[in-house]
Amino acid sequence: MTVDEFRATLSDEEPPQSASRLLAALWHDARDDWNRAHQITQDIENEDAAWVHAYLHRKEGDLANAAYWYRRAGRPVSGTSLEGEWAEIVASLLAR
C-alpha cells in the first residue's frame, strides 16, 4: 500500500484491516480524532510509537512534550509541515 492508497481509506468507516496499530492511530488522527490516535499510541513502547507520539504532541501544540518524544524516537524535532511529517511517518510504517 502507498501513502496515497492509505490516504484514500480515510473515507472508510474503519482503518484498513492490514494497518498496524500505529498506522491506525495516524488514520484516526487524519480523521480529526486526535484523542483516539493518542490513546492507541501511548500504549505502544518503541521508537516508531515515540515518533508518532512526538508528531501528535507537536500537532497539539505541546512542543516541550513533543521534543521529549522526538528524543525517545532518536529523531530531531521535525521542522516540516504537519501534513508532510504525517506522510513521512505513514510511508516509513508502510515500508515495514
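What follows is calculated from the coordinates using simple rules that are stated; it is not laboratory data. Since we're looking at a predicted model, the values are computed, not measured. Glycine gets a Cβ as well: all are built from the backbone with ideal geometry, and neighbour counts include every protein chain shown.
Determine the pairs where a residue that is closer than 14 Å to SER20 by Cα, located within the range 31-43, has a partner that is assigned to a helix (DSSP H, G or I) and of a type in the set (Asp, Glu) with Cβ atoms under 6 Å apart, the partner being 6 or more residues away or on another chain. Note: pairs meeting the criteria are ALA37/ASP29. Test ARG96 against the criterion of being part of a loop (DSSP other than H, G, I, E, B), out of contact with any Gly (no Cβ under 7 Å at 6 or more places or on another chain), of a type in the set (Lys, Arg) and surrounded by fewer than 15 Cβ atoms within 10 Å (Cβ to Cβ), and give yes or no. It is true that ARG96 is part of a loop (DSSP other than H, G, I, E, B), out of contact with any Gly (no Cβ under 7 Å at 6 or more places or on another chain), of a type in the set (Lys, Arg) and surrounded by fewer than 15 Cβ atoms within 10 Å (Cβ to Cβ). The set of residues in the range 8-30 that are touching a residue at least 60 places away in the same chain (Cβ under 8 Å) and not aliphatic (A, V, I, L, M) contains only SER20.
All conditions but one from (1) over 9 Å from the mean Cα position of the chain (by Cα); (2) crowded, with 20+ Cβ neighbours inside 10 Å; (3) not in a loop (DSSP other than H, G, I, E, B) apply to ASN65; the one that does not is (2). The set of residues in the range 68-90 being touching a Lys or Arg at 6+ places or on another chain (Cβ under 9 Å) and surrounded by 14 or more Cβ atoms within 10 Å (Cβ to Cβ) consists of TRP69, TYR70, SER78, GLU85, TRP86, ALA87, VAL90. Out of the residues in the range 46-62 meeting the condition of being free of Cβ contacts under 8 Å to residues at least 24 places away in the same chain and more than 14 Å from ALA25 (Cα to Cα), tell me which one is surrounded by the fewest Cβ atoms within 10 Å (Cβ to Cβ). Checking each candidate, the answer is GLY61. Residues in the range 6-58 that are part of a helix (DSSP H, G or I) and out of contact with any helix residue (DSSP H, G or I) (no Cβ under 9 Å at 6 or more places or on another chain) were compared, and the one that is nearest to SER81 (Cα to Cα) is ALA8.
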